[in-house]
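Reading through the structure tokens given below for one structure.
Bear in mind that the values in this text are calculations on the coordinates, not laboratory data. Small disclaimer: the values here were computed from a predicted structure and weren't measured. Ideal geometry is used to build each Cβ from the backbone, glycine not excepted, and the neighbour counts take in all protein chains shown.
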Amino acid sequence: MKKLFTVLLALLSFYSQAQVPSLSSAEIFQNIKKLNVVGSVLHIAAHPDDENTLMLSYMSKDQMVRTGYLALTRGDGGQNLIGAEQGYNIGVIRTQELLGARKIDGAQQFFSRAYDFGFSKTRDETLNFWDQEKVLGDVVWIIRKFQPDVVITRFPPDPRAGHGHHQTSAYLAEKAFSMAADPKAFPDQLKFVKTWQAKRLVWNTFSPGFTNRAPAEEKAPFLSLEISGYSPILGKSYAEIAALSRSQHKSQGFGSAPARGERVDYFLHKAGTPAEKNLFDGIDLTWKRVSGSAAVQLMVSDLIKNYSVNDPSLSVPGLLKLYQGLASLDSTDLYVKTKKEEVQDLIVQCLGIWFETNPKDFSAVPGDLTNVKISVVKNTAYPVKLIALHWTGKTADSTLNLDLQKGQANNFAIKTILPATLKISQPYWLEKPIDKGLFQIDSQQDIGYPENRPETLTQFVFEVDGQKFTYTRPWIYKFTDPAEGEIYRPFEIRPAVTANVSEPVFIFSSVEPKMVSVVVEAEKDKIKGNVKLELPAGWKSEPASAEFSIAEKYQVQNFSFKITPPAKNQEATLKAVATLDSKTYSKAIRTIAYHHIPSQTLFPSSEAKLAKIDVRTTVKKIGYIAGAGDDVPTALRQIGCQVTMLDESELKKDLSGYEAIVVGVRAYNTVAMLSHYQAKLMDYVQNGGTMVVQYTIPGEQTVASLGPYPLETGRDRIAEENAAIKFLIPDHALLNYPNKITQKDFDGWIQERGLYFAQEWDKTHYQALFSGNDTGETIKEGSVLYAKYGKGHYIYTGLSFFRELPAGVTGAYRLFANMISVGKQ
């Protein structure tokens, strides 16, 4: 049985594990028409949201070619407008947003191993961070595996692309275009795939101005294509489909309205054979490209001609005949394999068969007994037999030979013991630490998958007119929400026990101990064991360990440990370790839940950063206006501040009791109510308050003026996290009180120095405190501006405190403490 499921895993689709939806009659007809097209396109860019969803929709729904999108990264370094997740956590969200988008526009999603480390200004900077050979190999791998006829980049390989990642995506695509056909390039891949030469590579843009800021020698031909047509079958224009797809990128605030009417896109030739009239010039998109397929072509034509919108089941005999015809062709041909899968799916769609497996609970532990319900319903009168069912943990075959009756629910309640060898449901690219800008993925065959291939499966064997068809589906939990209705959630494999440390960072400004809370959660019934904190030399924990006993699954026990730091300043890592049945567990649990994506559960190491540093603050009571999601309030509490979140009800009250008010990142872009309270906030400053405003994106702010004097933000940033910083006014209070800021405080910053710096400001009132620049760029002075206003103090900062403080960057704590304390000098 174990061997059976190893084979099943290998045969699963290269794409998403999501449930197969029931299609409308029109959608079924659309997919039958796609059987007549034998061609493919691969779109390549750098991030989630880079893709041209209109072009993807047009290629998939109008041209009906296999369409793929390769994003080099999962968007881990981007911003988050819906929550506080950063780094690989926001990458998990954006992965699911891309999968949601692909379900709408019909393309398939791929990724390389590249980690999005944040904004980069040049290709050289990007490739210094990534391992060029490995990411290039990933692009070659996807081209060889997907076998596109045409490769389309979203960007040019030069500074016109802006972001260094954008430039790199096109640069690597152009190199991979020819290398994919070279057997000497990445030869180890050829154990699994064959070489492939696409016909052409083009750069797609909205504008015909390809030569703007381009090298003078660029005189390549280009095509213009109208891609915003209308599908009467689907009842939507491709622009409408594209807008729905684009709107899945909710974490980036990319909700889109369809731009109805004509939209012309441009495709500049970059490599291969130039096209003259359309992108598929010289490419046979018919069955003639597959040897011996003349009969198959006729069968497909008959299916299209005779399709009944009122009764799709009338197409089943033709689909069965087509499946037999495909079985007689070369089984190694990618199009034969792909079309067989499409036909097999169309058969159950036309038969109206719905089937799935629902565990009683949304998670289980390897080796445990699990209750599962398997359901099968046939909604047409066409005769079908359910021959057999096989599922994870089943040890023997069974034969059903059940005649399925129209509209009759067939439910099978089973109990199965999960194999003890099942892996926990950690996203596969996060199983190992990120190393040198890359996710560490050991198996070549794993590269490219957007999400985990499921390990808990059911195999359904149906017989239709004497032919047997096997369908494999992942288990998926579902429940009914009183407001939202039926909701699906991925079934999770969890460790027996998890331990969450209460905070990611603990800052010690003295040798006084702090209490560290650990939440132990049972992932199965009746567990007993102990939990302790592993600490480096010089740090002490009291107690040394604690016993836990938890009766029911998902219940928790809270433990407090008093941690005493060493006398000398030191940074260290704390790890919570639980012992159960002589086995140790050191995973935390984090579930990311938003309405627009399936719940995602991660199992990071149960760790926290410890830092014994010299940091002082002279204020306690802080008001915080939340912006687009950050953990700065938590960081402020670490240095002894009492933080009150200022929603509208709090802003209506007297603000004079706050010693400082801090405005979160992009709050002036996302919090509409601030336009009503800006005058009150300025009065607060004028009357003696201190106000710190974190970065705001220009052109999208909800107030006319951010500060008490004219101040405009721009798009200046310092992307190099180790860029030199110059102190412009060394004796300024912000650099000296209550902490003496030195160059050392800018050591160890992550991802960047800052972004969206002030660009224009009233230099008679604002003082710029720092200057710096990325390599080869002009000096930027807008990272921190200070102004005295009335009796109070106003600060605008583009420094990326929202990244540095949650990461435990000690110098960022010292500088931010000075900012909020400036009114108490």
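Ranked highest first by average number of other Cβ atoms within 10 Å, how do 260-266, 124-130, 345-351 line up? Write down the numbers at each step before the final one.
Values: 260-266: 14.0, 124-130: 19.4, 345-351: 22.7.
Highest-to-lowest ranking by the protection proxy: 345-351, 124-130, 260-266.
Using θ = phi - 60° and the Karplus form 6.51 cos²θ - 1.76 cosθ + 1.60, what ³J(HN,Hα) does each residue of the range 52-68 get, whole Hz, x for Gly and Pro?
7, 5, 5, 5, 4, 4, 4, 5, 6, 8, 9, 6, 6, 8, 4, 10, x
Measure nothing but the geometry: give the 0 to 90° angle between the long axis through the Cα atoms of 2-11 and the longest principal axis through the Cα atoms of the chain, rounded to 10°.
The two axes meet at around 90 degrees.
About the Cα centre of the range 621-824, what is the dipole size in debye to 20, counting +1 per Lys and Arg Cβ and -1 per Asp and Glu Cβ, all else neutral? Before the final figure, lay out the partial values.
Details: 19 positive and 23 negative charges, 112 e Å.
Dipole of the range 621-824, to the nearest 20 debye: 540 debye.
Using modelled backbone amide H atoms (1.01 Å from N, in-plane), which distant-in-sequence or interchain residues come within less than 5 Å of His163's amide H?
Those qualifying (amide H under 5 Å, at least 5 residues apart or on another chain) number zero.
Show me, for the range 757-766, the HN-Hα J-couplings you get by feeding each phi into the Karplus relation (A = 6.51, B = -1.76, C = 1.60, θ = phi - 60°), rounded to Hz, glycine and proline as x.
5, 4, 10, 10, 7, 6, 6, 7, 10, 8
Nearest 500 deg cm²/dmol is fine: what mean residue ellipticity at 222 nm does the chain get from its DSSP H runs of n ≥ 4 alone, each adding -39,500 (n - 2.57), divided by its residue count?
Values: 17 runs with 176 residues, N = 825.
One gets -6500 deg cm²/dmol as the mean residue ellipticity at 222 nm.
Would you please give the residues with an amide H less than 5 Å from that of Ser256, counting only those at least 5 places away or on a separate chain, with H modeled from the backbone geometry?
Amide H neighbours of Ser256, under 5 Å, 5+ apart: Ser247.
Mind listing the long-range amide H neighbours of Tyr115? Cut-off is under 5 Å, sequence gap 5 or more, other chains count too, H placed in the peptide plane at 1.01 Å from N.
Residues meeting the amide H criterion: Leu438, Phe439.
Report ³J(HN,Hα) in whole Hz for each residue of the range 459-468, in order, from the Karplus equation J = 6.51 cos²θ - 1.76 cosθ + 1.60 where θ = phi - 60°; Gly and Pro get x.
10, 10, 10, 10, 10, 10, 6, x, 9, 9
Of Lys436/Lys744; Lys385/Lys553; Lys540/Lys587; Lys103/Lys134, which ones are farther than 27 Å apart at the Cα?
Numbers: Lys436/Lys744 24 Å; Lys385/Lys553 39 Å; Lys540/Lys587 22 Å; Lys103/Lys134 29 Å.
Flagged as over cut-off: Lys385/Lys553; Lys103/Lys134.
Using Cα atoms only, what is the angle between the long axis of helix 334-351 and the major principal axis of the chain, expressed in degrees (0 to 90) to the nearest 10?
80 degrees
What's the ranking of 231-240, 393-402, 765-774 by average number of surrounding C-beta atoms within 10 Å, highest first? Write out the running numbers ahead of the final one.
On the way: 231-240: 17.5, 393-402: 11.8, 765-774: 19.6.
For the peptides 231-240, 393-402, 765-774, the packing ranking is 765-774, 231-240, 393-402.
Order 667-680, 184-197, 379-392 from most to least packed using the mean count of other Cβ atoms within 10 Å.
Working: 667-680: 16.7, 184-197: 14.2, 379-392: 18.9.
Packing order, densest peptide first, comes out as 379-392, 667-680, 184-197.
Students often forget the sequence filter, so: which lysines lie under 23 Å Cα-Cα from Lys788 once same-chain residues fewer than 8 apart are removed?
Lys620, Lys621, Lys680, Lys726, Lys740, Lys763, Lys780, Lys824
Figure the gain on full extension for Ser649 and Asp158 (residue separation times 0.36 nm, minus the Cα-Cα span) and round it to one decimal in nm.
Taking Ser649 through Asp158 to full extension adds about 171.8 nm, to one decimal.
Of Ser228, Gly292, Thr472, which is farthest on the positive side of the dipole of the chain, counting Cα position, with +1 on Lys and Arg Cβ, -1 on Asp and Glu Cβ, and the Cα centre as origin?
Projecting each Cα onto the dipole axis, the largest value belongs to Thr472.
What pairs in Lys175/Lys432; Lys432/Lys514; Lys33/Lys61 have C-alpha atoms more than 22 Å from each other? Please list the in-between numbers first.
Details: Lys175/Lys432 29 Å; Lys432/Lys514 31 Å; Lys33/Lys61 10 Å.
Beyond 22 Å: Lys175/Lys432; Lys432/Lys514.
Name the residue from Ser22, Ala388, Leu602 whose Cα lies farthest towards the positive end of the charge dipole of the chain, charges +1 on Cβ of Lys and Arg and -1 on Cβ of Asp and Glu.
Ala388
Placing +1 at every Lys and Arg Cβ and -1 at every Asp and Glu Cβ, with all other atoms neutral, what dipole size does the chain have around its Cα centre, in debye to the nearest 20? Could the numbers behind the result be given before it?
Details: 92 positive and 89 negative charges, 217 e Å.
Dipole magnitude for the chain comes out near 1040 debye.
In the chain, with Lys and Arg counted as +1 and Asp and Glu as -1 at Cβ, which of these residues, Ala181, Phe559, Ile142, has the Cα nearest the positive end of the dipole, that is, farthest along it?
Phe559
At a Cα cut-off below 18 Å, give the aspartates and glutamates reachable from Lys468, other chains included and same-chain residues fewer than 8 away excluded.
Straight-line reach from Lys468, under 18 Å: Glu341, Glu342, Asp345, Asp397, Asp403.
Kindly express, to the nearest 10 degrees and within the range 0 to 90, the angle between helix 316-327's C-alpha long axis and the longest C-alpha principal axis of the chain.
Taking Cα atoms only, the helix is inclined about 90 degrees.
Pull up the cross-link candidates among the aspartates and glutamates for Lys653, meaning alpha carbon to alpha carbon under 19 Å and not fewer than 8 places away within one chain.
By straight Cα distance, Lys653 reaches Asp683.
May I have the count of lysine pairs in the range 257-356 with C-alpha atoms under 17 Å apart, counting pairs 8 or more residues apart or located on different chains? It would help to have the intermediate numbers written out before the result.
On the way: Lys288/Lys337; Lys288/Lys339; Lys288/Lys340; Lys305/Lys321; Lys321/Lys337; Lys321/Lys339; Lys321/Lys340.
Close lysine pairs found across the range 257-356: 7.
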